[in-house]
Amino acid sequence: MIYLYGITRPLTLPPDGAGLEGVALQTERVGALTAVYSSHDGLEVRADEESCWAHERAVETVMRTQAVLPARFGTTFADLGDLRAAVARDAEALEQRLDEIDGCVELAVRINPLGHAEARPATGRQYLLDKLSSQRQREALAESTLACLQELAVASRLAASASAEESVSISYLVKAGGVERFSRAVGRLQRRWPEFGLSCTGPWAPYSFVGNSTGGRA
Amino acid sequence: MSVDVPTVREPSRVDPRRGAGRDVALVDLVDRLLAGGVVLCGDITLAAADIDLVRIDLRALISSVPEGAGTG
Amino acid sequence: MNGDKLLVAPPRATAVPDGTAANALSRRINADPEDVEQGLAQLVLTIVELLRQLMERQALRRVEVGDLSDEETERLGRTMMLLNERMNELKEQFGLTDRDLNLNLGPLGNLM
């Protein structure tokens, strides 16, 4: 079974590293593209912590030297023939996306509401008004965050979340050299909005900017 | 004057070596791994995939709720 | 690699939206196929929570628009508040966090 990590341009050297189960990374050239994969006998893919990091590490091994489109976790093929066919089918779109994310990384910003330690509202009406108020605050913060961080990013993507309870999640496509400046900007935002917990993680491979992910466009 | 210190109840499964920062990073990573990335026409193979069909039906339910539908 | 991905840490009080992410993760994805009851509870509560949120969002919209009487607003608010508390009790009973109830639908994104 073939496990796919990502699609990139042809490499001069095979990537030095391992993927899931510690199996060595291999490459398969398909036209103007190259697939980075590992080969397993009957792999049971489980999205556990170790596998998730292994997948990301494998992608980042390639990302150190050139642009790579990360594959969705768990993408497998019966054999190389199937992999080649799949890459060939989408070759044009894949090449275009590679150009779009070239030199960029993804940063994840999250706005978490602070834990609810408030007293039980005295009336039903108050309950609704409190909810309305925190919903508006969260929306205002999300907009403010988007607006001010957008200037430091190539693109942004607001994760679709119908839930008003959960944290707001925004992905940013940032030039590799602009990560530090971006982090500082998030830090400043965090100090400005102490009642919400802002966090920023990365750099990640650009999972949210390769065309297949769901979520609202910012 | 005595002060009540609220006790923080930690989930029993917490590994004390885990930093909260690691958790935040893990959550962000998993969100991206499962919902992002290129989807080629391979098989998305995940254990416990049997339940996916039910989830998709639920999603159809959400999108069919009309805006401004009256409450009872 | 794991720790060095954190560029800006959330304030301590919020660290992770709820519970421990890694534990929530393993419950969400590595659900023991033998634990049918837990899996069922998670599924049922997900549906209930979804409906609760839909209703609450509708209630908030009505309040915003202002087409409810004081009595209706109060009644609606009390109902939503009790529903919310009941859900929290159920979640605690089954050891489920909000993240557990947000099923990932793969290509369709998250449920909520």
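Key figures for this structure:
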| read-out | value |
| --- | --- |
| Packing-based exposure ordering (other Cβ within 10 Å, fewest first) of A:27, A:34, A:201 | A:27, A:34, A:201 |
| Loop-resident sites, the range A:1-91, for GluC sites (Glu not before Pro), counting at most 16 other Cβ within 10 Å (DSSP) | A:44 |
| Neighbour-count ranking [beta-carbon atoms within 10 angstrom, fewest first] of A:148, A:52, A:200, A:104 | A:148, A:52, A:104, A:200 |
| 10 Å-binned pair-distance histogram of chain A (Cα, whole percent) | 7, 29, 28, 19, 11, 4, 1 |
| HN-Hα J in Hz across the range A:77-88 - Karplus 6.51, -1.76, 1.60, θ = phi - 60°, x for Gly and Pro | 9, 5, 7, 4, x, 5, 4, 4, 4, 5, 5, 4 |
| Full-extension gain in nm, residue A:21 to residue A:126, via 0.36 nm per residue minus C-alpha separation | 32.5 nm |
| Partner chain coverage, peptide A:66-75 - average Cβ within 10 angstrom | 6 |
| Reachable lysines from residue A:131, criterion Cα separation under 21 angstrom, eight or more residues apart if same chain | C:91 |
| Fewest-first sequence of A:183, A:171, A:38 by Cβ atoms within 10 Å of each Cβ | A:183, A:38, A:171 |
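Read-outs throughout are calculated quantities, based only on the coordinates presented, and are distinct from any laboratory measurement. Source: prediction; values computed, not measured. In this analysis, Cβ positions are derived from the backbone assuming ideal geometry, glycine residues included, and neighbour counts consider all displayed protein chains.
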